[in-house]
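Enquirer: Got a structure for you, written out below as structure tokens; questions coming shortly.
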């Protein structure tokens, strides 16, 4: 990816920003420009507003990865999960800060901002969201992005099979 494009996409990458239909109130991630839920799609054109997801959710299914994709060999075993957010959309992401064999369906998690990968030794470092177990001692602080200015970003994810 070209550096100019990378910087242009920074706000989108470092936020859990979606959209919400002002007609039916359905929330989407990533953002959409037309609501497929409304009975007449045309009535939603121009009526979707930006919406910031909280990052809170629960694991609805997961897989423990033992044979990693290129670049993730040092992380095995790791967990990739589908997480249904409090607002409704389902996101795919890695579950971190927990023993992979203790992850379970229904586990409460919260998005956290982490390094995803690096392009070569001196290349661009890509950050995005992963999920960590929610703090059981109360509400965790909102996920923050670079310099504490923006919530977390979309990141890679794969797999939806239950382990």
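Enquirer: So, in nm, how far is label residue 75 from label residue 102 when the simple model puts each one 7 Å beyond its Cα toward the Cβ?
Expert: Each label point is offset 7 Å from its Cα along the Cβ direction, giving 2.0 nm.
Enquirer: In what sequence, highest mean first, do 69-82, 36-49, 102-115 appear when ranked by Cβ atoms within 10 angstrom?
Expert: 102-115, 69-82, 36-49
Enquirer: If you average the alpha carbon positions of the stretch 82-106 and of the stretch 34-73, how far apart do those two centres end up, in angstrom?
Expert: 13 Å
All of the numbers you see were taken from the coordinates with simple rules; none came from a lab. In this text the structure is predicted, and so the values were computed from the model without any measurement. So basically every Cβ, Gly included, is an ideal-geometry build from the backbone, and we count neighbours across all protein chains shown.
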